[in-house]
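**Student:** Here's a structure for you.
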Amino acid sequence: MKIILASDHAGFNVKESVKNLLSSRPGVSVEDAGCDSAASCDYPVFAERAARAVETGDADFAILVCTTGAGMTIAANRFPHVRAALAIDETDAKTIRDHNGANALVISAEKTPSDKIPALVDAFLAAHSPVEERHKRRVAQLSEEGNRLVEVAHLKDADPEVYGSILAHERQERLCINLIASENLTSRAVREAQGSILTNKYAEGYPGKRWYSGCRHVDEIEALAIVRAKALFGAEAAYVLPHCGASAILAVYLAVLQPGDTILSMALDQGGHLSHGSPANISGKIYNIVPYGVDRKTERIDYDAVEALALEKRPRLILAGASAYPRTLDFARFRAIADKVGAYLLVDMAHIAGLVAGGAHPSPVPFADFVTTTTHKTLRGPRGGLILCREKYAKDVNRAVFPGLQGGPLEQVIAAKAVCFKEAMQPEYRQWAHQVVANCAAIAKDLEEDGFRLVSGGTDNHLCLVDVTAKGLTGKAAADALDETGIIVNKNTIPFDGNSPFVTSGIRIGTATVTTRGMKEPDMKFIADRIRRVLANVGDESVKAEVREEVAAFVSRFPVP
Ligand SMILES: *Cc1c(COP(=O)(O)O)cnc(C)c1O
């Protein structure tokens, strides 16, 4: 057992006596964090040294002494894994261990007579019987992720304007029902890695082959992220550097295509993505884009039509993947089409990567030459991109990302990706991914029963597209009305939409975020009900006010990580 001691000047003599007492004990090692004399000094400095040792696991317990015990307690408890409590006598010392799980004993030099101190210390350090359930539960609550304000504590003084807006957004996350299909809620662990000091490091290059010195630790992290990404998706090679989904795709284009080459990809207005060849995007400016779409009647991808188009246009690369397609993608069929025309197959699984990782959507990895994704949509990681590919393309992708496209990597984001991949390997994650799909099926069914038309007649994944025109609405009007009640969706074009992309005929609903908050099928019924009521009364302020209150009360039951 390792114990670290600290005191201020007023507690110096008591600390020295505790040191003498413990240094002769077998199996106990003692470290003295200061102070070193009875000359006046500042208690937070010494409290921090001891608390840091407990926080990092370098010490099992701390014993802290000052005049009243208050200063040391306050200073030590700023560390999340430290539970420091003042004990005046033996009973206190036993209670703070048994009831409160204290790992730092604070002694008041003024209140506890010096002859009572050995018994007090012994009572704290004695072997303890198993902690009762209710105490365990309460101690666990002390370290729960609930207090999100801790994450911005320093901003409060440093930049009140930014602090204010983050606080307001924090409130919005808590008080709204977020159904944006491309969003999710990250764990505290992911955010800690992403907000970490790794942002200070330049590390151009790759693990073991850097242009800068001092990369030993970021090398460890990046290597871990790569190993985990490969294991999670069963891929031969993984690139964790891309800053976002769009640059991951661009890197693949750069790796294997020449300017002017033909890409066959899903049309933006039928569910595709800007980066798949929109004239407004660099992809559409450099390459020759041939769009495919969905069948007018079934609103699903017509694979025979895709094949016919591929045979006619002979693309160099076929791109499968979408931002607003509610159905399972048939990767085997895409592979067969690519093989028929000798094209590369790139699957962009930006939206469904979390479902793939959790086994709730078939994996494209066995079929595709390249798979790109974002890490922040269903995957539930930091905002970023990822490329998976066959080993034979590894070098080309490598060069395309750096130096082809990017400068220094964001090591803090790469660390957060590593954390995300680890989370995605846990059994709870698989359950979560299946629940996302079950929740989406539930809300789709509820909305259909309420008279809404679903694009393609339903959903297989985490999102559904709702055609609101039958209710006399546009996508924009529907999304705006819902937003006023705390239900956040996005307007979305539906296939063969008669309205402009700014107005649209549909809304897109996704269930990743609400599932992360712990909602289940019956909760989807609540949400579908409120959507129906708001959209049946878009001009009615009293209905909106009522729903707004119901929504706020409802979401308060579901914690935000
Ligand atoms: C979101 C998305 C992207 C782009 O991701 P960013 O990180 O925003 O660049 C690419 N492809 C698809 C299919 C997407 O849905």
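The values are calculated or read from the model by the stated rules, or taken from the named source; none is laboratory data. Everything numeric in this text was worked out from a predicted model, so none of it was measured. With ideal geometry, Cβ positions are generated from the backbone for all residues, glycine too; neighbour counts draw on all protein chains shown. Note: accessible area is taken over every heavy atom of the protein model, side chains too, but ligands, DNA and RNA are not part of it. Shrake-Rupley method; radii C 1.70, N 1.55, O 1.52, S 1.80 Å.
**Student:** Can you tell me the length gained on complete extension of the stretch THR68 to LYS111, counting 0.36 nm per residue apart and subtracting the Cα distance?
**Tutor:** 14.8 nm
**Student:** Based only on Cα atoms, what Rg/Rh ratio does the chain have, Rh being taken as Kirkwood's radius?
**Tutor:** 1.08
**Student:** Could you work out what % of the accessible surface of segment 432-555 is carbon and sulfur, using a 1.4 angstrom probe and leaving DNA, RNA and ligands out of the count?
**Tutor:** That fraction is 53 percent.
**Student:** Separate question: Amide H to amide H under 5 Å from ASP32: which residues, 5+ apart in sequence or cross-chain, H placed 1.01 Å off N in plane?
**Tutor:** Close amide H contacts, sequence-distant or interchain: LEU5.
**Student:** A further question follows. If packing is taken as the average count of other Cβ atoms within 10 Å, what order do 287-297, 438-448 fall into, highest mean first?
**Tutor:** Ranked from most to least packed, the peptides come out as 438-448, 287-297.
**Student:** Residue by residue, what Karplus-based ³J(HN,Hα) values in Hz, rounded to whole numbers, does segment 157-171 have, using 6.51, -1.76 and 1.60 with θ = phi - 60° and x for Gly and Pro?
**Tutor:** Listing the rounded values in order: 8, 6, 8, x, 5, 5, 4, x, 6, 5, 4, 5, 5, 4, 5 Hz.
**Student:** Output the peptides 58-69, 170-181 sorted from most to least packed, where packing is the average of other Cβ atoms within 10 Å over each peptide's residues.
**Tutor:** The peptides rank, most packed first, as 58-69, 170-181.
**Student:** So, one more: Quick one: Karplus J couplings for segment 281-296, per residue in order, coefficients 6.51, -1.76, 1.60, θ = phi - 60°, nearest Hz, x for Gly and Pro?
**Tutor:** 9, 4, 4, x, 7, 8, 10, 8, 9, 10, x, 10, x, 9, 6, 4
**Student:** Moving on to the next point. So what is Rg over Rh here for segment 346-450, counting just Cα atoms and using Kirkwood for Rh?
**Tutor:** Reported Rg/Rh, Kirkwood definition of Rh: 1.05.
**Student:** Something else: Suppose all protein chains stay in the model; what accessible area per residue would a 1.4 Å probe give for the chain, in Å²?
**Tutor:** 44
**Student:** According to a simple spin-label model (label point 7 Å from Cα along Cα-to-Cβ), what is the distance in nm between GLU192 and LYS392?
**Tutor:** 4.4
**Student:** Would you mind calculating the gained length between VAL139 and ASP450 on full extension (0.36 nm times residue separation, minus the Cα-Cα distance), in nm to one decimal?
**Tutor:** Contour length minus Cα-Cα distance gives 107.4 nm.
**Student:** Mind checking the angle between helix 43-56 and the chain's longest principal axis? C-alpha axes, 0 to 90 degrees, to the nearest 10.
**Tutor:** 60
**Student:** Before rounding to the nearest 500, sum -39500 (n - 2.57) across all DSSP H runs of length at least 4 in the chain and divide by the residue total; then give [θ] at 222 nm in deg cm²/dmol.
**Tutor:** Theoretical 222 nm ellipticity from helices: -13000 deg cm²/dmol.
**Student:** Give the shape of segment 491-561 as rounded, prolate or oblate, defined through the alpha-carbon gyration tensor: a ≥ b ≥ c are the square roots of its eigenvalues, a/c under 1.5 means rounded, and otherwise the shape is prolate if a/b is larger than b/c and oblate if not.
**Tutor:** oblate
**Student:** Taking 0.36 nm per residue of sequence separation and subtracting the Cα-Cα distance, how much length would be gained by fully extending the chain between ASN100 and ARG171, in nm to one decimal?
**Tutor:** So the chain would gain 22.6 nm between ASN100 and ARG171.
**Student:** Amide H of SER108 versus every other amide H placed in the peptide plane: which residues, excluding those fewer than 5 positions away on the same chain, fall under 5 Å?
**Tutor:** Excluding prolines and chain starts, which carry no amide H, the hits are ALA87.
**Student:** As a test question: what accessible area, to the nearest 10 Å², does GLU423 have when a 1.4 Å probe is rolled over all protein chains in place?
**Tutor:** We get 40 Å² for GLU423.
**Student:** What list of ³J(HN,Hα) couplings, whole Hz, do you get for segment 350-359 from phi and the Karplus terms 6.51, -1.76, 1.60, once you set θ to phi - 60° and write x for glycine and proline?
**Tutor:** Residue by residue, segment 350-359 yields 3, 7, 9, 4, x, 5, 5, 4, x, x Hz.
**Student:** A further question follows. Restricting to the chain, what percent of DSSP beta bridges are antiparallel, rounded to 5?
**Tutor:** Within the chain, antiparallel bridges account for around 40 percent of the total.
**Student:** Right, something else. Probe radius 1.4 Å, ligands and nucleic acids ignored: give me the carbon and sulfur share of the accessible area of segment 216-368 as a rounded percent.
**Tutor:** That share works out to 55 percent.
**Student:** Report the FRET efficiency, 1/(1 + (r/R0)^6), for ASP89 and GLU550, where r is their Cβ-Cβ distance and R0 is 60 Å, rounded to 0.05.
**Tutor:** For ASP89 and GLU550, the calculated efficiency is 0.70.
**Student:** Please check which bits of segment 469-504 a label hung off ALA280 would reach, taking the label as a point 7 Å along Cα-to-C-beta and the cut-off as backbone N under 20 Å.
**Tutor:** 474-480, 489-504
**Student:** Might you work out the accessible area of LEU309 for me, using a 1.4 Å probe with all protein chains in place, and round it to the nearest 10 Å²?
**Tutor:** Approximately 40 Å² for this residue.
**Student:** Can I ask one more? Distance between the C-alpha centers of segment 64-118 and segment 336-388? Whole Å please.
**Tutor:** 54
**Student:** Calculate the translational D of segment 33-121 in whole µm² s⁻¹ from Stokes-Einstein, where the hydrodynamic radius comes from the Kirkwood formula applied to all Cα pairs, the temperature is 20 °C and the viscosity 1.002 mPa s.
**Tutor:** Estimated via Stokes-Einstein, D reaches 165 µm²/s.
**Student:** If you place +1 on the Cβ of every Lys and Arg, -1 on the Cβ of every Asp and Glu, and leave all else neutral, what size is the dipole of the chain about its Cα centre, to the nearest 20 Debye?
**Tutor:** 1140
**Student:** Cα-Cα over 26 Å: which of LYS340/LYS491; LYS201/LYS417; LYS230/LYS525; LYS340/LYS417; LYS136/LYS525?
**Tutor:** Too far apart for the 26 Å limit: LYS340/LYS491; LYS230/LYS525; LYS340/LYS417; LYS136/LYS525.
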